[in-house]
Amino acid sequence: MLKRSPRWTQEIAIATAFALTASGCASHGRPRAAPAETSAVAAAKPTAPREAARQQTEAGNEFLRRGLLDEAEHAFRLALEADPGSLEAVSGLGRVHVMRGKYSEAVPLLERAARVSSQMGSTFQALGDAYAATGDLERASVAYRQAVALAPAD
């Protein structure tokens, strides 16, 4: 009978495992993804940080509309990780803080968003709420007037 060394047996096992891995998933009988499939999957994912931030911001806004503050905060923070300059995400995070009654945390975020973009009515409304809650009624009045000017029907 032919005897094989343990090292040779180990090399055969490694080569067999490598061959099975390279040919696909043996337990499911499916081949590995073809390069075209891989690129299609990559194309489905957001390609730019700004696109990822936009998607997360939209999700955060939807969570806010539904009153899901934890989920909204998480989505806005993910948006800011993807694009730290996203004013919509900054504004959304500030609005979450206002809804939670954390006005002192909301003010700097909302001021930042309002300073750069004067077209976000919800930002000015939330900023007015935060100013009013912290006792700064004059600034609250200015913020509310800006919110009304941007969205008179709201």
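The values are calculated or read from the model by the stated rules, or taken from the named source; none is laboratory data. Here the structure is a predicted model, which means the values were calculated and not measured. Cβ atoms come from the backbone with ideal geometry, glycine included; neighbour counts cover every protein chain shown.
General remarks:
- Members of region 99-109 that are assigned to a helix (DSSP H, G or I) and surrounded by fewer than 24 Cβ atoms within 10 Å (Cβ to Cβ): 99, 103, 104, 105, 107, 108
- Flag if residue 112 is within 21 Å of the chain's Cα centre (by Cα), surrounded by fewer than 16 Cβ atoms within 10 Å (Cβ to Cβ) and not β-branched (Val, Ile, Thr): yes
- Note on region 32-67: residues that are in a loop (DSSP other than H, G, I, E, B) and either of a type outside the set (A, V, I, L, M) or modelled with pLDDT under 55 (or both) total 8.
- Only one of the numbered conditions (1) under 14 Å from the mean Cα position of the chain (by Cα); (2) in contact (Cβ under 8 Å) with a residue 12 or more places away in the chain; (3) not in a helix (DSSP H, G or I) is not met by residue 85, and that is (2).
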